[in-house]
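Step one of this worksheet: look at the structure below.
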Amino acid sequence: MIWQGWLSLGAVVGVLLTLIFTRVAPHLVMMAALTVLSVCGVLTSQEALAGFSNSGLITVAAMFVIAAGMHASGAVDLLVNSLLGQPRGVRAALTRIFAPVVLLSAFLNNTPVVATMIPALHAWTRKIGISPSQVMIPLSYCAILGGTLTLIGTSTNLMVNGLYQTLTGATGFSLFSISAVSLPVAMMGLSFMWLFFPKWLPNRDQDKALANLREFTLEVSVAPHGPLVGKTVEEAGLRNLKRVYLIEIERDDTVITAVPSEEKLHGGDRLVFAGDTEAISLLLRINGIVPSVDNNAHLQSLTAQRPERCLVEAVVSPHCEAVGNAIRDARFRDRYGAAVLAVARNGERIKGNLGSIILQAGDTLLLEARPAFVSRQRYNKDFLLINDLNTETPRHERAYLAWAILISVVSAVGVGYISMLNAALIGAGLMIIMGCCSVNQAERSLDLAVILTIAASFSLGAALQKTGVANFLADSIIDLSGGKGWLLLILTYLTVSLLTEVITNNAAAILMLPVVLEITEKSGLNSEPFVFAIMIAASASFATPLGYQTNLMVYGPGGYRFTDFLKVGVPMNLFVGATTIMVLLIGWPLDRTV
């Protein structure tokens with residue numbers, strides 16, 4: 001290889017190592033790789049930026065808006081409420097969940113589908129008397145399988161199709177091209193879950209972790225004529241307590257949330273603390289602090305809806321800047337305008353010194369926040385919001401209209417009347433024009449990190465193809481397999497599946513597609529089953545909570561431990577992989593001449 005090839009190979013290795021061993025966001029890693037390849041002259045500026053004008057990327061963005069319209073109009077809730085019903089037993093509950101989730105995930109981005117379903121399933125499982133831990137992992141896996149059913153089901157499918165068009169000049173795949181593979185795979189995967197997951201998943205009551213505010217908040221009062229009156233929180237020594245910290249002050253029927261250090265105390269203030277509730281005796285030893293008249297008043301106060309604050313249950317994202325830091329060191333209150341009431345990890349609330357807890361991705365936090373926190377985090381992506389008290393009221397009168405728009409888009413593409421790009425753009429525009437979602441909701445739905453990751457990834461694929469790296473890797477893999485088509489198909493699936501568990505699914509697919517196309521070209525093999533294998537393997541990430549975003553979203557609310565995902569996810573990975581390869585070998589000729 002020439003030096004440009006070695007540089008491209010080094011960029012790929014650097015991207016892989018960075019994504020595996022650091023917390024640097026994937027879109028930053030991909031943009032850095034794009035910059036290196038462009039600055040060093042490996043790619044021209046047009047080649048480096050080609051991904052930003054790719055039809056697949058624009059289609060992904062438009063589908064985000066369509067998903068926002070379905071969510072904001074209550075169209076998703078309409079389907080969920082009509083199908084869940086009153087099942088008896090876990091298997092009956094799973095049967096009720098499978099239909100709406102698969103249907104929605106086949107045509108909408110998985111994230112809003114799962115985000116909508118989590119609070120609905122929490123309330124539903126309490127109503128029917130089963131544990132959330134028995135349905136949350138199946139919810140995520142079901143969304144993953146549903147997303148493989150169509151070309152618009154996941155951003156990965158759209159991205160692979162777009163890069164395939166760019167590299168080969170072919171017309172690409174139709175909306176339901178992959179369905180012939182993914183439908184039997186999804187049916188087998190759902191059957192596998194229905195049969196084994198009720199036995200394998202823990203019966204763990206998540207409600208005990210963060211449900212009772214009395215377990216982790218405590219309240220005291222400022223003596224009306226005591227020495228603390230007129231002092232700031234800092235001067236009173238209430239800011240740097242070791243086992244508890246101040247989260248709110250109730251004063252004259254108003255609430256001061258995320259209390260600043262310079263706030264002055266008034267006589268009669270009710271001070272609500274979070275942390276180790278056994279530290280109440282230490283608080284009462286402070287001169288000027290007296291017991292609250294009603295020890296349960298703070299519970300009623302915190303659970304009541306107030307315009308000054310909202311209670312939010314949120315899962316920490318891998319991209320959160322506070323990950324790896326103690327809550328106190330992360331300046332959580334100043335950075336996010338929210339106070340941590342409690343932290344749950346592995347299905348159990350962490351007790352003791354709240355401020356010293358080092359946050360990890362997947363932790364579930366109970367926060368008392370200012371109302372702006374929810375809208376701000378829709379942009380920042382530091383947290384995957386699970387439940388909040390101040391969500392915007394769905395436009396229920398637009399629910400049927402949203403369904404009509406989605407069905408029209410899918411139908412128009414399905415019969416070949418219009419291209420996927422144009423249908424998605426028209427559908428997104430109609431969702432806004434017809435009032436199914438607001439312009440602000442549409443803008444918030446655009447996941448900039450995903451869009452940048454996809455667009456920048458195209459430059460890596462182009463570099464591998466242009467510099468001969470894909471050709472070099474293809475020769476090596478062909479030699480390893482002895483040129484056997486079935487073995488090459490298995491190696492393709494396994495490689496993408498393993499990469500997806502340690503890096504993003506989009507990155508895994510984009511790195512492998514140029515290599516696989518070279519393999520099929522050199523071996524005289526039919527590229528279609530190999531491309532389908534990449535699409536499914538990149539989405540079928542079940543073994544870890546970090547492999548796919550919906551897995552991480554259910555990790556905290558389901559009260560899971562990491563080993564719970566390994567216990568059910570590894571067999572699921574193996575089963576879905578074996579089923580996919582079997583379907584491809586039976587249904588598609590590997591030899592191009594056949």
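Couple of notes before you dig in:
- Condition met for Gly169 (in the same structural domain as Ala50 (by TED's automatic domain parsing) and either buried (at least 21 other Cβ atoms within 10 Å of the Cβ) or under 28 Å from Ala543 (Cα atoms) (or both)): no
- Selected residue [buried (at least 20 other Cβ atoms within 10 Å of the Cβ), within 26 Å of Val24 (Cβ to Cβ) and either of a type in the set (Val, Ile, Thr) or at pLDDT 85 or above (or both)] from Val568, Val554: Val554
- Of everything in segment 1-53 that is over 21 Å from Val323 (Cβ atoms) and among the polar types (S, T, N, Q), the residue that is surrounded by the most Cβ atoms within 10 Å (Cβ to Cβ) is Ser8.
- Looking only at segment 30-47, residues that are modelled with pLDDT of 85 or more and either of a type in the set (A, V, I, L, M, F, W, C) or not assigned by TED's automatic domain parsing to the domain that holds Val469 (or both) come to 10 in all.
- Gly558 satisfies every condition listed in (1) assigned to a helix (DSSP H, G or I); (2) touching a Pro at 6+ places or on another chain (Cβ under 7 Å); (3) not polar (S, T, N, Q) except (1).
One line per residue, one yes/no per condition, for (1) touching a residue at least 24 places away in the same chain (Cβ under 8 Å); (2) of a type outside the set (Ser, Thr, Tyr); (3) over 30 Å from Phe373 (Cβ atoms); (4) touching a Lys or Arg at 6+ places or on another chain (Cβ under 7 Å):
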{"site": "Glu443", "(1), (2), (3), (4)": "no, yes, no, no"}
{"site": "Val450", "(1), (2), (3), (4)": "yes, yes, no, no"}
{"site": "Ser457", "(1), (2), (3), (4)": "yes, no, yes, no"}
{"site": "Leu460", "(1), (2), (3), (4)": "yes, yes, yes, no"}
{"site": "Val469", "(1), (2), (3), (4)": "yes, yes, yes, no"}
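- Checked against the criterion of being of a type in the set (Gly, Ala, Ser) and touching a Phe, Trp or Tyr at 6+ places or on another chain (Cβ under 7 Å), the candidates Ser174, Ser133 yield just one match: Ser133.
- Restricting segment 360-384 to residues that are part of a loop (DSSP other than H, G, I, E, B) and surrounded by 21 or more Cβ atoms within 10 Å (Cβ to Cβ), the residue that is modelled with the lowest pLDDT: Gly362
- Scan of segment 110-135 for residues that are in contact with a Ser or Thr (Cβ under 7 Å, 6 or more places away or on another chain) and over 16 Å from Glu313 (Cβ atoms), ordered by number: Asn110, Thr111, Val113, Ser131, Val135
- Only one of Phe575, Phe532 that is part of a helix (DSSP H, G or I) and surrounded by fewer than 23 Cβ atoms within 10 Å (Cβ to Cβ): Phe575
- Looking only at residues in segment 114-129 that are touching a residue at least 60 places away in the same chain (Cβ under 8 Å) and of a type outside the set (Lys, Arg), the one that is surrounded by the fewest Cβ atoms within 10 Å (Cβ to Cβ) is Pro119.
- Boolean, Thr504 is closer than 21 Å to Ser8 by Cβ, surrounded by fewer than 24 Cβ atoms within 10 Å (Cβ to Cβ) and within 32 Å of the chain's Cα centre (by Cα): no
- Only one entry in Asn109, Asn157 is assigned by TED's automatic domain parsing to the domain that holds His71, modelled with pLDDT under 85 and crowded, with 18+ Cβ neighbours inside 10 Å, namely Asn109.
- Total residues in segment 224-255 satisfying the condition of being assigned to a strand (DSSP E or B) and either over 38 Å from the mean Cα position of the chain (by Cα) or surrounded by 18 or more Cβ atoms within 10 Å (Cβ to Cβ) (or both): the figure is 10.
- In a residue-by-residue description of segment 444-465, the property of being at pLDDT 85 or above, more than 28 Å from Gly10 (Cα to Cα) and either surrounded by 23 or more Cβ atoms within 10 Å (Cβ to Cβ) or touching a helix residue (DSSP H, G or I) at 6+ places or on another chain (Cβ under 7 Å) (or both) applies to no position.
- Checklist (1) out of contact with any strand residue (DSSP E or B) (no Cβ under 9 Å at 6 or more places or on another chain); (2) hydrophobic (A, V, I, L, M, F, W, C); (3) in contact (Cβ under 8 Å) with a residue 60 or more places away in the chain; (4) over 17 Å from Met193 (Cβ atoms) applied to Ile586, failing item: (3)
- Failed item in (1) in the same structural domain as Tyr555 (by TED's automatic domain parsing); (2) modelled with pLDDT under 85, with Thr393 passing the rest: (1)
- Flag for Leu228 being among the hydrophobic types (A, V, I, L, M, F, W, C), touching an Asp or Glu at 6+ places or on another chain (Cβ under 9 Å) and modelled with pLDDT of 90 or more: yes
The values are calculated or read from the model by the stated rules, or taken from the named source; none is laboratory data. The model shown is predicted, which means the values in this text are computed figures rather than measured ones. Note that we place each Cβ from the backbone using ideal geometry, even for glycine, and neighbour counts take in every protein chain shown.
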